[in-house]
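Derivation of every value follows stated rules applied to the coordinates shown; laboratory data play no part. What you see is a predicted model, and the numbers here were worked out from it, not measured in a lab. All Cβ positions, even for glycine, are placed from backbone atoms using ideal geometry, and neighbour counts span all protein chains on display.
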Amino acid sequence: MMGRARVIAWCGIVAGTVVSGGLIGVALLADLNTAGQAASVVGAIAGLAGLGASLYALFKEPPVTLATGPVSTASGDGAIAAGGNIITATTGGGTSTAPTAPNTTPPPSSPPAATGGTVTASGRGSIAAGGDIGTASTGGTGQGSS
């Protein structure tokens with residue numbers, strides 16, 4: 001809870017406690033008719049305060065924004081970026097789209113979490129994913145070649 005909201009909540013708790021104590025005091029010290037009338041007035045005031053608080057919350061609520069999911073950006077020759085899972089990705093020279101051995105990588109166990117973050121692959125042959133990557137081949141040996 002924010003600081004201001006916490007202060008308002010505590011003020012409401014204290015006010016409710018004081019009013020409840022006052023009504024109990026009226027019931028014990030005065031007759032029940034007076035206590036009933038006082039409780040009716042206090043109940044009406046509390047109901048109007050609740051209506052006002054509800055209307056305030058209804059019209060002051062920030063607008064709901066729709067989740068857009070992760071943003072994927074790829075820059076560079078052969079770069080691949082995906083906001084979700086990548087089963088097989090190949091980039092660079094000398095790579096083939098079919099794996100040389102049977103793919104024993106299990107499929108992703110679950111969809112990627114929607115964090116709303118960004119996935120960026122920058123540079124030659126870069127691969128980035130917001131979820132799981134099954135098989136990735138950049139076609140290079142890790143040493144730059146022109």
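Determine, at each q value in 0.19, 0.25 (inverse angstroms), the log₁₀ of I(q)/I(0) that the Debye formula gives when each Cα of region 3-60 is one equal point scatterer.
So the normalised log intensities work out to -0.77, -1.02.
Hey, can you grab everything whose amide H is under 5 Å from the amide H of Ala121? Only 5+ residues off in sequence or another chain; H modelled, so Pro and N-termini drop out.
Thr73, Ala74, Ser75
Can you work out the FRET efficiency for the pair Val18 and Leu55, with r the C-beta to C-beta distance and R0 = 35 Å, to the nearest 0.05?
0.90
Tell me which residues come under 5 Å, amide H to amide H, from Ala81 once H is placed; ignore anything under 5 positions away on its chain.
Under 5 Å from the amide H of Ala81 lie the amide H atoms of Ala128, each far enough along the sequence or on another chain.
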